[in-house]
Amino acid sequence: MKVSSVAPQFVDRIPKTLEDGVLYISEKYSTAAHNCCCGCKGKVVTPLKEGRWLLKRNKGRVSLVPSIGNWSLACQSHYWIENNSVRWATRFTHSQIEANRTHDRKVLEAAHVERRMKERTLWQRIVDWIKSWF
Ligand SMILES: [Zn+2]
């Protein structure tokens, strides 16, 4: 059953089995999870951190920004959670999904390259240090 609203539930840990229509929010682990609002029982985990999702609270109601695009699920649902309401968005087209994936991959790659640079400089420093013995 498609749900049209979600009830926020603040928890320490996200439970293993999720109930439809409940948005579980763990501030402790900076994450939220819910069953896909289309009713397919797909578990949707939305990390609440920079670059991922932002949880907005307004008088006991919650919103998640940006929208939730479940393109890893068969249903490919796309919706917004705004003040506890589910607002259905247009489905992503195949090319939009690809564009999103490419974007995500680029962000990840950039982080990876940066990490490698740091590692290399550390390694370079170790090499220089060893060379200085001779
Ligand atoms: Zn679904």
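A few notes on this one:
- Test: residue in segment 58-66 that is outside any loop (DSSP other than H, G, I, E, B), of a type in the set (S, T, N, Q) and open to solvent by 60 Å² or more (accessible area, probe 1.4 Å): yes
- Residue among Glu82, Glu109 that alone is surrounded by fewer than 14 Cβ atoms within 10 Å (Cβ to Cβ) and either charged (D, E, K, R) or within 16 Å of the ligand (Cβ to nearest atom) (or both): Glu109
- Looking only at segment 16-53, residues that are of a type outside the set (Gly, Ala, Ser), open to solvent by 40 Å² or more (accessible area, probe 1.4 Å), away from the ligand (no atom under 13 Å from the Cβ) and not in a strand (DSSP E or B) come to 10 in all.
The values are calculated or read from the model by the stated rules, or taken from the named source; none is laboratory data. Treat the numbers as computed from the prediction; the structure is a model and nothing was measured. Using ideal geometry, Cβ is built from the backbone for each residue, glycine included, and neighbour counts are taken over all protein chains shown. Accessible surface areas use protein heavy atoms only, side chains included; no ligands, DNA or RNA. Shrake-Rupley method; radii C 1.70, N 1.55, O 1.52, S 1.80 Å.
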